[in-house]
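Could you have a look at this structure, given as structure tokens, before my questions?
What follows draws every value from the coordinates through simple rules; no lab data is involved. Keep in mind the model is a prediction, meaning the values are calculated, not measured. Backbone-built Cβ (ideal geometry, glycine too); neighbour counts: all protein chains shown.
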Amino acid sequence: MGALYDASRPDIIDGACQCGWVFSLDGLMSRFCVKKVEDLVPYVPGEQPVSRSLVKLNTNEHALEPSRAVMAAIANIQADQLRRYPDPLATDFRSAIADVEGLSPEQVFVGNGSDEVLAHMWLACLSGRTVQTLDTTYGFYPVWAGLYDSPLVEVPLRPDFSVDMSALRESSHAIVLANPNAPTGMALSRTEIESLVTSNRDRLVIIDEAYHGFGAETAAPLVTQYDNLIISRSLSKSHALAGMRVGYALAHPELIDGLNRVKDSFNSYPLDAVAQAAAAAAIRDREWFHRSADVVIGSRETMRQGLLEQGFDVLPSDANFVFAKHSQVPGKVLFEALRARDVVVRRWDKPRIIDWLRISVGTPEQTDQLLKAVADSLQAGA
């Protein structure tokens with residue numbers, strides 16, 4: 001029997017993920033597990049360090065605390081709400097989303113984080129079917145392709161990391177895109193997304209808007225016009241609720257019905273009562289949403305300028321992170337030098353992006369600490 005984790009994975013070196021986690025590569029699969037489980041190569045999440053002294057800029061949590069309305073909603077939870085099962089339809093949360101987006105609740109699906117929502121999409125709509133995505137994008141897409149037996153076509157990004165739209169349009173296969181893309185942070189316009197949707201009305205287009213709210217144009221208004229489009233979102237980044245695990249999808253009611261069938265064949269209660277109340281409050285607090293996004297965008301520009309001044313190439317970003325490469329110092333060297341100075345960022349060992357670092361936008365104080373750590377590392381000959 002083979003090992004559970006494959007040391008040949010591009011984000012694992014000598015059994016150690018470049019995010020900092022270390023896995024046992026010599027553990028054997030149980031003889032009771034089916035062959036497919038043995039062959040799976042699971043997603044490796046970013047490190048969640050225990051130490052509070054680290055400047056944590058590796059997993060793209062929101063730089064600010066959640067809305068006060070969220071905390072009030074949590075504080076107002078009654079004991080009886082915990083005693084009873086939660087609303088399986090998440091009626092109030094779905095209504096809050098529908099009101100903000102100008103949709104009906106029947107066009108909204110909710111789940112336990114956007115990863116679960118996307119996994120349900122994959123099972124409901126893509127299982128066993130060929131899927132197109134990008135060669136440099138969110139690492140969970142190949143995992144779901146393997147889990148649900150979907151041949152995956154990885155369309156290369158252009159040399160400047162922009163999307164080759166003509167290559168995507170030419171194929172008849174379903175499309176899954178992160179917009180803004182991760183880890184690049186670069187975004188397509190709504191018009192560009194619409195061109196993919198209309199180029200073949202018989203293929204599904206899934207747009208993963210996990211980084212919604214930081215400058216990219218959303219494709220959400222298109223779901224009322226097209227039945228072959230699904231938008232996936234998370235409250236982890238845009239609403240500072242990464243610790244609560246809440247995600248949702250926007251689509252034609254018939255697609256939403258398919259997602260509900262999968263959900264109710266897996267877990268009828270994916271969102272607990274606390275999460276539903278907090279998420280509804282977060283969605284309704286539009287003042288916090290816009291104000292906090294402005295803070296993040298301002299800090300992102302400060303970080304970008306500071307990195308440019310220290311010899312980095314920095315891609316344009318519409319997310320709460322930047323993707324940067326130093327003109328002279330290898331990415332692994334900088335990654336380790338920053339970690340030695342208590343600053344944690346993210347990198348991968350894939351050849352195309354081996355020297356690039358993905359750096360989350362933190363608070364203004366964290367941005368200052370990052371730029372100082374970079375300067376100290378470069379001065380020390382990192």
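What ranking do F214, F161 get, fewest neighbouring Cβ atoms within 10 angstrom at the top?
On the way: F214 23, F161 19.
Least crowded to most crowded, the residues run F161, F214.
Using Cβ contacts closer than 10 Å as the measure, can you line up W122, W288 from fewest to most?
Placing the least packed residue first, the sequence is W288, W122.
Which residue, K372, K263, K237, tops the fluctuation ranking in a GNM of the chain built on C-alpha contacts under 10 Å?
Ranking K372, K263, K237 by mean-square fluctuation puts K372 first.
What ratio of Cα Rg to 2.2 N^0.38 Å holds for region 123-218?
Here the answer is 1.01, to two decimals.
Note down the nm distance, to one decimal, between modelled labels 7 Å out along Cα→Cβ at T91 and at K350.
4.4 nm
Build a GNM of the chain with springs between Cα atoms under 10 Å: which of S195, S265, S292 gets the top mean-square fluctuation?
Highest fluctuation of the listed residues: S265.
Before anything else, pin down the relative contact order of the chain: Cα pairs under 8 Å, at least 6 apart, normalised by residue count, whole percent.
Relative CO of the chain lands at 22 percent.
Check which residues have an amide H placed less than 5 Å from V110's amide H, if you skip close sequence neighbours.
Result for V110 returns A249.
In nm, what is the difference between 0.36 nm times the number of residues separating D368 and E301 and their Cα-Cα distance?
Working it through step by step, the gained length comes to 22.9 nm.
To continue, here is another question. Multiply the residue gap between Q48 and C33 by 0.36 nm, knock off their C-alpha separation, and tell me the result in nm, one decimal place.
Contour length minus the Cα-Cα distance gives 2.5 nm.
For region 272-382, what number results from the quotient of the Cα radius of gyration and 2.2 N^0.38 Å?
Numbers: Rg = 16.5 Å, N = 111, 2.2 N^0.38 = 13.2 Å.
With N residues counted in region 272-382, Rg over 2.2 N^0.38 Å equals 1.25.
If you don't mind, another one. Cα-Cα over 25 Å: which of K56/K372; K56/K325; K56/K263?
From K56/K372; K56/K325; K56/K263, over 25 Å: K56/K263.
Okay, next question. If each Cα of the chain is one equal point scatterer, what is log10 of I(q)/I(0) from the Debye formula at q = 0.10, 0.11 Å⁻¹?
Values, matching the q order: -0.67, -0.82.
If Lys and Arg each add +1 and Asp and Glu each add -1, what is the summed charge of the other residues whose beta carbon sits under 15 Å from the beta carbon of W144?
Net of charged neighbours comes to -4.
For labels at S327 and R83 in the simple 7 Å Cα→Cβ model, what's the distance in nm?
6.8 nm
Only counting other Cβ atoms within 10 Å, I'd like I231, I256 sorted with the fewest neighbours first. Can you show the working numbers first?
Numbers: I231 24, I256 21.
Listed from fewest to most nearby Cβ atoms, that is I256, I231.
Which whole-angstrom value gives the distance between the alpha carbon centres of region 66-137 and region 275-291?
13 Å
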